[in-house]
1. Just wondering, is there one or more residues in the stretch 188-199 that are in contact (Cβ under 8 Å) with a residue 60 or more places away in the chain, part of a helix (DSSP H, G or I) and among the β-branched types (Val, Ile, Thr)?
2. For residue 337, are the conditions met, namely being without any contact (Cβ under 8 Å) to a residue 12 or more places away in the chain and closer than 29 Å to residue 219 by Cα?
3. Only one residue in 163, 139, 174 is among the hydrophobic types (A, V, I, L, M, F, W, C), out of contact with any Asp or Glu (no Cβ under 9 Å at 6 or more places or on another chain) and at pLDDT 85 or above. Which one?
4. What tally of residues in the stretch 31-78 results from selecting those that are under 21 Å from residue 328 (Cα atoms), in contact with a strand residue (DSSP E or B) (Cβ under 8 Å, 6 or more places away or on another chain) and either open to solvent by 60 Å² or more (accessible area, probe 1.4 Å) or part of a strand (DSSP E or B) (or both)?
5. Quick check on my filter: what residues within the stretch 259-277 are more than 35 Å from the chain's Cα centre (by Cα), closer than 13 Å to residue 180 by Cα and among the β-branched types (Val, Ile, Thr)?
6. For residue 276, only one of the following conditions fails: (1) open to solvent by 60 Å² or more (accessible area, probe 1.4 Å); (2) under 24 Å from residue 52 (Cβ atoms); (3) part of a helix (DSSP H, G or I). What is its number?
7. Exactly one of these conditions fails for residue 312: (1) small (Gly, Ala, Ser); (2) modelled with pLDDT of 80 or more; (3) farther than 15 Å from residue 155 by Cα. Give me its number.
8. Go through the stretch 173-199 and report how many residues are closer than 17 Å to residue 248 by Cβ and open to solvent by 30 Å² or more (accessible area, probe 1.4 Å).
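The values are calculated or read from the model by the stated rules, or taken from the named source; none is laboratory data. What you see is a predicted model, and the numbers here were worked out from it, not measured in a lab. Virtual Cβ from ideal backbone geometry, glycine too; neighbours counted across all protein chains shown. Quick note on the areas: whole protein, heavy atoms, side chains included, nothing else; ligands and nucleic acids left out. Shrake-Rupley method; radii C 1.70, N 1.55, O 1.52, S 1.80 Å.
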Amino acid sequence: MIKLFDVFLNNHPELKRFLKDKISVAALLVLIVLYAGILFADFFAVYNKDYSNRKLSYAPPSNVYFIDKDGKLTKPYTYNWKREFNKETLNIEYKQDRSQKYYLKFFKKGFKYKFLGLIPSSRHFVGLDNGGELYLLGLDINGRDNFSRILYGGQISLTIGFLALFISFPIGLLYGGVSGYLGGIIDGIMMRFAEAIMSIPSFYLLIILAAILPSGMTSAQRFALITVILALIGWAGFARVVRGMVLSIKTQDYVKAAVVSGASRIRIIIKHILPQTSSYVIIAVALSIPSYILAESGLSFLGLGIQQPDASWGNMLKEAQEFANIIYRPWLLTPGFLIFIAVLSYNLIGDTIRDILDPKSKISG
């Protein structure tokens, strides 16, 4: 098996170079962990989407113990929180109720869901004895479990980039290919239109469009519409670069031979010209996803994207903007940290792919 893998790497030197870059490999592993978490969110989440315990709003993360009072290793356990009002400080305080231990149970039966949407199951990764409460990242103001909501919210925040790319990149690729190949007046008109699209301040346009969306829209409908909006204003810059590449590619001998053989223009563009831009497309995809993640998070943070009670990392981070929450409830900053990690990982991977597929960019840089 190892020999087959070595042969595969030898036949794909670009992949071999990528695997030698430890930072990029680490970034890739981080993204794999993040996407595995959201893909199996129903399995890893401690509670379902609708869970809420308003009696423990803003409860801190649960403490998990592996050593008993005698200093011996034991099965992991925790204590429930109890909420008390401090008459001296006039503050709500949370203290552990040490009257009863609750042991963690792995692969415990819980709420029913469909594993990968296909296999019915009723187990999730970790749970507690009956009556136990486990809050790995504390609760928000409505008593909802932050850890579970981060997993469900990531399904939106980490996938919106791919959905937008599936719309914008085919449009930009074909638009730029046609413009560059036809040239002349048609090329001029098409590029002026693309430049007009590029001149629109995208983030402010998103704010305006998101603000005028009907209030009765569901989060799923809003998510789909935001994705389309992001895609329809993101193709122009990509098309312009593709057009510049096509201008040089169409002068190659194999393209002229295709013209002489009688191939149609659309066939020449799709079969002979656009495949030669694949290196740039791969680089652009890797470097564009972070911008879509930030755009969705920014809109949701401003209250114009995914609406409560549905979760996304952007609207979860909104609760952490209050100074008191930053100081006393730092666990609410976790979505922001994950956004930073995801964007940084994509940028590191994109830079490495660019250096491998386009060495000239590294030299010129």
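1. Checking the stretch 188-199: not a single residue is in contact (Cβ under 8 Å) with a residue 60 or more places away in the chain, part of a helix (DSSP H, G or I) and among the β-branched types (Val, Ile, Thr).
2. yes
3. 174
4. Selection size over the stretch 31-78: 3.
5. 268
6. The number of the failed condition is (2).
7. Going through (1) small (Gly, Ala, Ser); (2) modelled with pLDDT of 80 or more; (3) farther than 15 Å from residue 155 by Cα one by one, residue 312 breaks only (3).
8. 5
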